[in-house]
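Here's the structure we're looking at; comments come further down.
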Amino acid sequence: MENLNLDGSAKTPTVKFDAANGVLELKGRSIPENSIEFYKPLNDWIDAYATGPQPNTIVDIKLEYFNTSSSKCILDLFKQLEKLNSGNTEVKINWYFEEDDEDMEEAGEDYQAIIDLPFKMIEVEEI
Amino acid sequence: MSQVYDIYKKLEERNVLLSFKGMVTSELLTTILQIMESKLEHIDEKPKTRKKVFNILVECLQNLYHHIDSDSTKNISKEERSALLMIAKTPTHYLITTGNYMESDQVSALKDKLDLVNSMNKDELKTYYKKVLNEGQMSEKGTAGLGMIDIARKSGEKLDYNFLDVKETTTFFSLAVSIPETN
């Protein structure tokens, strides 16, 4: 299947969903007024990927900023991956946050508390 | 022309970094965010504070943006659909102030929400945020009902608000969010 590559913008993240390697990356900022429109193709891609996933699926979330509209869409994305995890692939989430960014670290912990998937919190100097 | 000087002095006294009054559009939000990002960089603000201010500003601006088309403005004239935004910086904190007209019959619902958020401590806000995030329904406009909770959580301060009756059915709502500088 085709990979999903979207360039980042002032309000939307860079998306690199790589089907052959089972690596899904969101990077940058996600602050559109209405996130539903932006996340719909991502959900559709994951649905298609679910029909023949790699044995391991790695999800790299490297967000600098996200708004509350995106927070709900990101949760829905994780819920989709949670379902996928019980099938033919093992899903792992890497949650990146910049040094001292307690808000972003806490946001990752919030998702971790809701979603039944292994989360790895990774502190980096710069995203 | 002395009035211009008065306005200038008032903005100066209040340490205003940026102020805007008018219609809030998606393009305007992008521009304001770009200006504030470069200002924060120029001030050489600590990354932690810079991110907090930016995040809270996004939520405040998007509240104004979504408010324009909501039920709470359905009978409000075009002139009254413009809003006010001010960002100020004092030696100890940033202050983001917004103002907008709304239908008076929508006031009590908003007031209840603000009072609920203000009644909660840090842990309660975290629990409430997770509950709304997980159980809440998203609107078609992409709002998740999380904005005020997120603003209160990230600022760590109570939300300072006011409702002013301007006409029989119209109220002016103002919100001031204080963001302390972190160490």
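The values are calculated or read from the model by the stated rules, or taken from the named source; none is laboratory data. On a predicted model such as this, the values are computed, not experimentally measured, just so you know. Every residue, glycine among them, receives a Cβ derived from its backbone with ideal geometry; neighbour counts consider all protein chains shown. In case anyone asks, the SASA skips ligands and DNA or RNA and just uses the protein heavy atoms, side chains included. Shrake-Rupley method; radii C 1.70, N 1.55, O 1.52, S 1.80 Å.
Summary of computed values
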item: Average accessible area per residue (Å²) across the range B:1-126 - probe 1.4 Å, nucleic acids and ligands excluded; result: 55 Å²
item: The range B:2-180 - percent of accessible surface contributed by carbon and sulfur, probe 1.4 Å; result: 51 percent
item: Inter-label distance for A:ASP116 and B:LYS131, nm, one decimal - labels placed 7 Å from Cα along Cα-to-Cβ; result: 2.3 nm
item: Exposed-site-free run, longest, chain B (rule: GluC sites (Glu not before Pro); DSSP loop; at most 16 other C-beta within 10 Å); result: B:1-139
item: Förster radius 35 Å - calculated FRET efficiency between A:LYS83 and B:SER174 (Cβ-Cβ, nearest 0.05); result: 0.20
item: Where A meets B: accessible area buried, both sides, 1.4 Å probe, Å²; result: 2700 Å²
item: Kyte-Doolittle mean at least -1.0 and Cα axial length at least 18 Å: DSSP H helices in chain B; result: B:26-43, B:47-68
item: Between the range A:11-44 and the range B:100-143, the alpha-carbon center distance in angstrom; result: 27 Å
item: Percent RCO, i.e. relative contact order, over the range B:2-180, from Cα pairs under 8 Å lying at least 6 residues apart; result: 24 percent
item: Difference of contour (0.36 nm per residue) and Cα-Cα distance, B:ARG81 to B:LYS46; result: 9.1 nm
item: Among the listed pairs B:LYS21/B:LYS111; B:LYS10/B:LYS113; B:LYS21/B:LYS141; A:LYS27/A:LYS72; B:LYS21/B:LYS46, those beyond 21 Å (Cα-Cα); result: B:LYS21/B:LYS111; B:LYS10/B:LYS113; B:LYS21/B:LYS141; B:LYS21/B:LYS46
item: Per residue Cα convex hull volume in Å³ - calculated over the protein assembly as shown; result: 143 Å³
item: Surrounding net charge for B:LYS48, when Lys and Arg each add one and Asp and Glu each subtract one, Cβ distance under 12 Å; result: -4
item: Length-normalised contact order for chain A - Cα pairs under 8 Å, 6+ apart - percent; result: 22 percent
item: Modelled FRET efficiency - R0 22 Å, B:LYS141 with B:ALA109, Cβ distances, 0.05 increments; result: 0.80
item: Rh by Kirkwood over Cα pairs, then Stokes-Einstein D for the range B:2-180 at 1.306 mPa s and 10 °C, µm²/s; result: 92 µm²/s
item: Share of carbon and sulfur in the accessible heavy-atom surface of chain A [1.4 Å probe, %]; result: 43 percent
item: Virtual spin-label span in nm between B:SER38 and A:GLU106, 7 Å along Cα→Cβ; result: 3.2 nm
item: Within-15-Å neighbourhood charge of B:VAL117 [Cβ basis; K, R +1; D, E -1]; result: +1
